[in-house]
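Peer 1: Handing you a structure now.
The values are calculated or read from the model by the stated rules, or taken from the named source; none is laboratory data. These numbers were taken from a predicted model, which means no experiment stands behind them. We place every Cβ from the backbone using ideal geometry, glycine too, and count neighbours over all the protein chains shown. These accessible areas exclude ligands, DNA and RNA; they are computed on the full protein's heavy atoms, side chains included. Shrake-Rupley method; radii C 1.70, N 1.55, O 1.52, S 1.80 Å.
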Amino acid sequence: MKKDIVITGLGIVSSAGIGKDSFWNAIKGSTTTIDKINIFNTSDLECKLGGQVQNFNAAQYIPGKGLIYLDRPTIFSLTAARLALDDARYPLKDTYDDRAGICLAILGTINSAYDFHKVKILQGVRAIEPMNFPNTVMNCPASHISIRFKLTGPNLTIASGLSAGLEAVCCGINLIEDNRADIVLCGGVEELCYPTQFALEELGLLSRSGKVAVFDKGHDGYLFSEGACFVAIETEESAIQRGVPIYAHIKGFGRGFQPAYNKPIPEAITLSMKQCLDFSHTSHEAIDLVFSGSNACPDYDMAEAHAIKGIFKDKTSVTAIKSLVGESYSASSAFNIASAALSLREGFVPKIANFNEPFDGCSLNIVRESESRSLENVLVSAFGCYGHSVSVVLSKK
Amino acid sequence: MDAKVLVTGLGVISPIGTGKDLFWQNLLSGKSGVDEIKGFDTAEFRVHRGCEVKDFVSSDYIAPLESQRIGKASQFAVACTKMAIEDAHIKLDALDSDRMGVCFGTTMGEAQVFETLTYDYIKKGKDSISECLLVQYPPESITANIARIFNIKGPNTILPAACAAGNYAIGYGFDMIKNGLADIMICGGVDVMSVLAFTGFARILSIAPDFCRPFDKERKGLILGEGCGVVILERDSNLKKRNAKPYAQLLGYSLSIDAHHITMPHPEGKGLAKALKDCLERCQISPREIDYISAHGTGTVANDKAETLAVKDVLKEDAYKVGISSIKSMIGHTLGAASAIEAVTTTLAIRDNIVPPTINYKTKDPDCDLDYVPNEARKERIDLAISNSSAFGGNNAVIALGRYKD
């Protein structure tokens, strides 16, 4: 890396609650954040479980009027952004700040687009509320962050799927190294909504057993969980100058891509991990813990287990937070890197929840019991089913 | 790394022609791609015109079995990539596929897939929804499909930066090469005609009833279009190895955001001005060196005035000495494809020393008092050009292209 980049702030809106503490307490207590869905009608769905962000007073985090016109992904993003900036002790100015950037990963503002188009189909064009149109465009949440908080640094939206949250981190690093920004909020957001739940169920991705059991013999899919998560990154020099605490150092990252169609490819994960270790100048033996990106879909678990085994030889401890907090698509790898940063800072190794025995052929060194242990280097992994994979190494110093 | 980033291949699918040569010929002749929309029923709208792609036949570029399992945006993107790869004389077998990557921009992604799924669910019920269609929806499938079909294994991502997305993708590709992470980047922008987008723009009264008249006093809004543009970016040392010739050099790019309003640009164009100023500084270009500006020029009252102010703010008196044309006057607003197609256009302007016109220009607007190359293409030496783009949400991206000097 051209510069020493560190994580100085975390902003989390999740089904565990608002703020990093509720999220981290859930991880440490191994308390699932998944529950019965009550934000939409699930009567015609088999899977009625998901991770919901409970109603909260967004006005305490988001300045200005008109919150009622913002959709949930935007509200989550704005709140998480504010939390990350506050956590990084980065003051919001009355004037425009062109040194603060945003890199936000998202699949799409699916519910807003669905509702918009549904009105057109059922009631006609004249019934459409014009103010709802902006919410249908994918870069809307990120743009609202800039508008509300007067942040005029570079603003990117990234839609490369399950690894997009870590891709956002890579893009943020690039912005800082290229002197386009001094601080960047990197993260992701997704919304739990009927269209997404229906689609995931049709695709056979949702768990029928009602739990997410990553790498377990009984793994049968995931439960979808909404929320937003940002990590604030800046140079170490900047953090020291500002006198703010550092969660973790970003030692390096790697991208792997292998052609795929709707199936995760272990070679992509292997490539991204190898590239990441090379770039970080870190040997696999120096990695104390791998934060898996897998989600209890058998194909996903097998792909990542294969990659991890190939590089880490079943020695390195492996954890996976999606067993507790569910799958959040574009936001998931942001939640994962935030967890990794918290683990490093506190010296805490979270167990994989719902794990009893490994699936056939899995010989990973699974964290079965949470423990306090000093960690020096951790690797965070993210990958999807269209060939994308990104890995990041975080270190204590 | 001190690599130079060169433009070595071009591909385009547009409302005035599929293929770079037909597109360019029609652009220079001032051909309009506007017509009554045929792809969906516009009876309940007050506006009825758009810029649809008329001559794209997917089987000319993509095997039928493959076309059946990818959405329309992916088909455009794959076909356009094929054109660009051939245009660059790239022999895929001879290259290291890990050193070649793909980055696209889009506004609506696989919009027609989404709209079909929504319509079918509502009108026919949940049992009508097929898994085969669902897997075509995610935006990441667009760049993934390109990489899969051409076996390209380098960096791969999609940036939905709305109407500035093409330039965002080009900037990403620029950085991948400069940072040594790729030798070739296939960068593009794509959007297909979207009923949802048409509905939205119509409801916020942004669509013109007849033509797109950028910078004209009587301008009444944009005309929605569809299409795809691809530029292949390549490291200069790699090009030398292939013994191939570049079109132009991508000198650099800049990003900004207005932070003003979710749909309206900053009234004084402050965000775009910042991106333009920053781009010139990064590329060490002085305003008087600019020979041509490809405008964002949507034809809305707000954008064209703001863009004019932005250009004047940065270029000062030199703003009056440079031609600024908007090809949206001919191909409409192709959303995520727009700045990619404009990058193709700007590259060809450098190659041929000719700039395309802004057509439908009749009446001067005191708020837009620059030289918009009205109605006729103009021959002039183009060594250095800028392409502006601005988006819903206030995102701006500006790229600078120059004649390559070895």
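Peer 1: Which ³J(HN,Hα) values, rounded to whole Hz and listed in residue order, are derived for the stretch B:339-346 from phi using the Karplus coefficients 6.51, -1.76 and 1.60 in 6.51 cos²θ - 1.76 cosθ + 1.60 with θ = phi - 60°, glycine and proline given as x?
Peer 2: So the Karplus estimates, Gly and Pro as x, are 6, 6, 5, 5, 5, 4, 4, 5 Hz.
Peer 1: So, one more: Pick out, from B:Gly332, B:Gly9, B:Gln112, the residue whose Cα sits farthest towards the positive end of the charge dipole of chain B, with +1 on the Cβ of Lys and Arg and -1 on the Cβ of Asp and Glu.
Peer 2: The residue sitting farthest along the positive end of the dipole is B:Gly9.
Peer 1: Still on this model: Putting +1 on Lys and Arg Cβ atoms and -1 on Asp and Glu Cβ atoms, find which of A:Ser389, A:Pro350, A:Thr95 reaches farthest to the positive end of the dipole of chain A.
Peer 2: Checking the options against the dipole of chain A, the answer is A:Thr95.
Peer 1: Here's something else I'd like to know. Can you give the translational diffusion coefficient of the stretch B:146-290 in µm²/s, computed by Stokes-Einstein from the Kirkwood radius over Cα pairs at 4 °C and 1.567 mPa s?
Peer 2: In µm²/s, the coefficient rounds to 72.
Peer 1: Please give the average number of partner chain Cβ atoms lying within 10 Å of the Cβ of each residue in A:125-136, rounded to a whole number.
Peer 2: Working: counts 10, 4, 1, 6, 1, 9, 4, 2, 12, 8, 2, 10.
Partner Cβ neighbours, averaged per residue: 6.
Peer 1: In percent, what relative contact order does the stretch B:98-145 have, based on Cα pairs under 8 Å that are 6 or more apart in sequence? Walk me through the numbers on the way to the answer.
Peer 2: Working: 26 pairs, mean separation 22.4, N = 48.
Once normalised by length, the contact order is 47 percent.
Peer 1: Which of rounded, prolate or oblate describes chain A when judged by the alpha-carbon gyration tensor and an a/c cut-off of 1.5? Write out the running numbers ahead of the final one.
Peer 2: Values: a/c = 1.66, a/b = 1.11, b/c = 1.50.
In terms of gyration-tensor shape, oblate.
Peer 1: Restricting things to Cα coordinates, could you compute the convex hull volume per residue of the stretch A:271-344 in Å³?
Peer 2: Working: hull volume 7.3 nm³, N = 74.
For the stretch A:271-344, the hull spanned by Cα atoms encloses 99 Å³ per residue.
Peer 1: ³J(HN,Hα) across the stretch A:322-332 via Karplus (A = 6.51, B = -1.76, C = 1.60, θ = phi - 60°), whole Hz, x for Gly/Pro?
Peer 2: 5, 4, 8, 9, x, 9, 10, 6, 5, 7, 4
Peer 1: What percentages make up the Cα-Cα pair-distance distribution of the stretch B:80-199 when the bins are 10 Å wide from 0?
Peer 2: Reading the bins upward from 0: 13, 38, 29, 15, 5, 0.
Peer 1: If you don't mind, another one. How high is the FRET efficiency between A:Glu369 and A:Glu237 when r is their beta carbon distance and R₀ equals 35 Å, given to the nearest 0.05? The partial results should precede the final answer.
Peer 2: On the way: r = 39 Å, r/R0 = 1.11.
Plugging the Cβ-Cβ distance into 1/(1 + (r/R0)^6) gives 0.35.
Peer 1: Something else: Quote the charge dipole size of the stretch A:21-110 about the Cα centre in Debye, to the nearest 20; the model charges only the Cβ of Lys and Arg (+1) and of Asp and Glu (-1). Let's see the in-between values first.
Peer 2: Numbers: 9 positive and 10 negative charges, 22 e Å.
The calculated dipole for the stretch A:21-110 is roughly 100 debye.
Peer 1: Sticking with this structure for a sec: Per 5 Å bin from zero, what fraction in whole % of the C-alpha pairs of the stretch A:68-173 is there, up to the bin with the longest pair?
Peer 2: Spelled out bin by bin, the stretch A:68-173 gives 2, 12, 20, 22, 17, 12, 8, 5, 2, 0 percent.
Peer 1: Could you work out the Kirkwood radius for the stretch A:254-297, taking every pair of different alpha carbons, averaging 1/r and inverting it, reported in Å?
Peer 2: When all Cα pairs of the stretch A:254-297 are included, the Kirkwood radius is 11.6 Å.
Peer 1: Another question, if that's okay. Which peptide among A:317-323, A:41-47, A:271-277, A:175-181 comes first, and what is the full order, when sorted by highest mean count of other Cβ atoms within 10 Å? Kindly include the intermediate steps, with their values, before the conclusion.
Peer 2: On the way: A:317-323: 26.1, A:41-47: 12.9, A:271-277: 23.6, A:175-181: 19.0.
Top of the packing list down: A:317-323, A:271-277, A:175-181, A:41-47.
Peer 1: Am I reading the A/B interface right? What is its buried accessible area, both sides, 1.4 Å probe, to the nearest 100 Å²? Let's see the in-between values first.
Peer 2: Details: alone 16060 and 16460 Å², together 26400 Å².
In total, chains A and B hide about 6100 Å² from solvent.
Peer 1: Report, as an integer, the average count of C-beta atoms from other chains found within 10 Å of each Cβ along B:247-258.
Peer 2: 3
Peer 1: Can you tell me the convex hull volume per residue for the stretch B:254-339, based on C-alpha atoms, in Å³ to the nearest whole number? Don't skip to the answer; put the middle values down first.
Peer 2: On the way: hull volume 8.4 nm³, N = 86.
Value for the stretch B:254-339: 98 Å³ per residue.
Peer 1: Taking beta carbons within 10 Å but only from partner chains, what does the mean come to for residues B:391-398?
Peer 2: Details: counts 4, 8, 13, 7, 8, 1, 1, 0.
Per residue, the average neighbour count from other chains is 5.
Peer 1: Moving on. Given a 10 angstrom Cα cut-off, can you work out which residue in A:Ser225, A:Ser381, A:Ser207 is the most mobile in a GNM of chain A?
Peer 2: Per the Cα network of chain A with a 10 Å cutoff, A:Ser207 tops the list.
Peer 1: For B:Ala161, list long-range residues whose amide hydrogen, built 1.01 Å from N in the peptide plane, is under 5 Å from its own amide hydrogen.
Peer 2: B:Thr106
Peer 1: Of the listed peptides A:361-367, A:299-305, what is their order by residue-averaged count of other C-beta atoms within 10 Å, with the highest listed first? Working shown, then result.
Peer 2: Values: A:361-367: 17.3, A:299-305: 23.7.
Taking the mean over residues of other Cβ atoms within 10 Å, the ranking is A:299-305, A:361-367.
Peer 1: Next up: Would you pull out the residues with amide H under 5 Å of A:Glu376's amide H, same chain only if 5 or more places away, H placed 1.01 Å from N?
Peer 2: The answer is A:Asp288.
Peer 1: Quick one: divide the alpha-carbon radius of gyration of the stretch A:1-103 by 2.2 N^0.38 Å and tell me what you get. Can you show the working numbers first?
Peer 2: Values: Rg = 16.7 Å, N = 103, 2.2 N^0.38 = 12.8 Å.
Taking N as the residue count of the stretch A:1-103, the ratio is 1.30.
Peer 1: Then there is this: So what is the calculated 222 nm ellipticity per residue for chain B, using -39500 (n - 2.57) for each DSSP H run with n of 4 or more, over all residues, to the nearest 500 deg cm²/dmol? Walk me through the numbers on the way to the answer.
Peer 2: Working: 13 runs with 135 residues, N = 406.
Computed mean residue ellipticity for chain B: -10000 deg cm²/dmol.
Peer 1: Seen from all sides and averaged, what is the projected area of the convex hull of the Cα atoms in chain B, in nm²? Before the final figure, lay out each step's value.
Peer 2: Working: hull surface 72.8 nm².
Average of the hull's projected areas for chain B equals 18.2 nm².
Peer 1: Then there is this: Highest first, please rank the peptides A:68-79, B:93-104, A:25-36 by the mean number of other Cβ atoms sitting within 10 Å of their residues. Don't skip to the answer; put the middle values down first.
Peer 2: Numbers: A:68-79: 23.7, B:93-104: 20.7, A:25-36: 16.8.
Result, highest mean first: A:68-79, B:93-104, A:25-36.
Peer 1: Tell me which aspartates and glutamates have Cα within less than 20 Å of B:Lys20's Cα, excluding those fewer than 8 residues away on the same chain?
Peer 2: Cα-Cα hits under 20 Å: B:Glu52, B:Asp55, B:Asp60, B:Glu86, B:Asp87, B:Asp191, B:Glu226, B:Glu234, B:Glu342, B:Asp352, B:Glu376.
Peer 1: Step through the table entries A:Lys217/A:Lys313; B:Lys4/B:Lys379; A:Lys120/B:Lys153, compare each Cα-Cα distance with 30 Å, and write down the pairs that go over it. Display every interim value, and only then the final one.
Peer 2: Working: A:Lys217/A:Lys313 20 Å; B:Lys4/B:Lys379 27 Å; A:Lys120/B:Lys153 41 Å.
Exceeds cut-off: A:Lys120/B:Lys153.
Peer 1: May I pose another question? How big is the dipole moment of chain B about its Cα centre under a simple scheme where the beta carbon of each Lys and Arg is +1, that of each Asp and Glu is -1, and everything else is neutral? Debye, nearest 20, please.
Peer 2: Working: 46 positive and 51 negative charges, 71 e Å.
Result for chain B is approximately 340 debye, rounded to the nearest 20.
Peer 1: Normalised by the number of residues in the stretch A:322-397, what is the relative contact order in percent for Cα pairs under 8 Å and 6+ residues apart? Please list the in-between numbers first.
Peer 2: Working: 87 pairs, mean separation 22.7, N = 76.
RCO, the stretch A:322-397: 30 percent.
Peer 1: Under a Cβ-Cβ cut-off of 9 Å, what is the net charge of the residues other than B:Arg242 that fall near it, where Lys and Arg count +1 and Asp and Glu count -1? Don't skip to the end; give the middle numbers.
Peer 2: Values: positive: B:Lys91, B:Lys240, B:Lys241; negative: B:Glu234.
Every neighbour counted, the sum reads +2.
Peer 1: Something else about it: P(r) for the stretch A:144-252, please, calculated from all Cα pair distances in 10 Å bins and given in %.
Peer 2: 12, 32, 28, 19, 9, 0
Peer 1: Projecting each Cα onto the charge dipole of the stretch A:217-351 (Lys/Arg +1, Asp/Glu -1 at the beta carbon, about the Cα centre), which of A:Ser225, A:Tyr300, A:Ala338 comes out farthest on the positive side?
Peer 2: Of the listed residues, the answer is A:Tyr300.
Peer 1: Here is a further query. Given a 1.4 Å probe, show me the residues in the stretch A:253-269 buried by at least 50 Å² of accessible surface when comparing the whole protein assembly to the chain alone.
Peer 2: With the partner chains in place, the stretch A:253-269 has these residues losing at least 50 Å²: A:Arg255, A:Phe257, A:Pro259, A:Tyr261.
Peer 1: What are the residues whose amide H is under 5 Å from the amide H of B:Gly17, where those residues sit 5 or more places off or on another chain and H is modelled from the backbone?
Peer 2: Close amide H contacts, sequence-distant or interchain: B:Lys54.
Peer 1: If you plug each phi of the stretch B:384-394 into the Karplus form 6.51 cos²θ - 1.76 cosθ + 1.60 with θ = phi - 60°, what whole-Hz ³J(HN,Hα) values come out, in order, with x for Gly and Pro?
Peer 2: Using θ = phi - 60°, the values come out as 9, 9, 10, 10, 8, 8, 9, 9, 3, x, x Hz.
Peer 1: Compute the Rg to Rh ratio over the protein assembly as shown from the alpha carbon atoms, using the Kirkwood formula for Rh, and round to two decimal places. Could the numbers behind the result be given before it?
Peer 2: Working: Rg = 24.7 Å, Rh = 26.0 Å.
So for the protein assembly as shown, dividing Rg by the Kirkwood Rh gives 0.95.
Peer 1: For Cα pairs less than 8 Å apart in space and 6+ apart in sequence, what is the mean separation divided by the residue count of chain A, i.e. the relative contact order in percent?
Peer 2: Working: 1039 pairs, mean separation 89.9, N = 397.
About 23 percent, as a whole number.
Peer 1: When we measure straight from the Cα of A:Lys118, which aspartates and glutamates land under 19 angstrom away, once same-chain ones fewer than 8 places off are left out?
Peer 2: A:Asp44, A:Asp71, A:Glu129, A:Glu191, B:Asp41, B:Glu44, B:Glu110, B:Glu115, B:Asp120, B:Asp127
Peer 1: OK, next. Just checking chain B: which Cys have no other cysteine's beta-carbon under 4.7 Å?
Peer 2: B:Cys51, B:Cys103, B:Cys132, B:Cys163, B:Cys187, B:Cys212, B:Cys279, B:Cys283, B:Cys368 - these cysteines have no disulfide-compatible partner (Cβ-Cβ under 4.7 Å) in chain B.
Peer 1: Let me ask something else. How much mean residue ellipticity at 222 nm does chain A get from its helices, if each DSSP H run of length 4 or more adds -39500 (n - 2.57) and you divide by all residues, to the nearest 500 deg cm²/dmol?
Peer 2: Numbers: 11 runs with 128 residues, N = 397.
My calculation for chain A gives -10000 deg cm²/dmol from helical runs alone.
Peer 1: How large is the charge dipole for the stretch B:111-177, taken about the Cα centre, if only the Cβ atoms of Lys, Arg (+1) and Asp, Glu (-1) carry charge, to the nearest 20 debye? Write out the running numbers ahead of the final one.
Peer 2: Working: 5 positive and 6 negative charges, 19 e Å.
Computed about the Cα centre, the dipole is about 80 debye.
Peer 1: When the expected Rg is taken as 2.2 N^0.38 Å, what fraction or multiple of it is the alpha-carbon Rg of the stretch B:255-406?
Peer 2: Numbers: Rg = 14.0 Å, N = 152, 2.2 N^0.38 = 14.8 Å.
So the Cα radius of gyration is 0.94 times the expected 2.2 N^0.38 Å.
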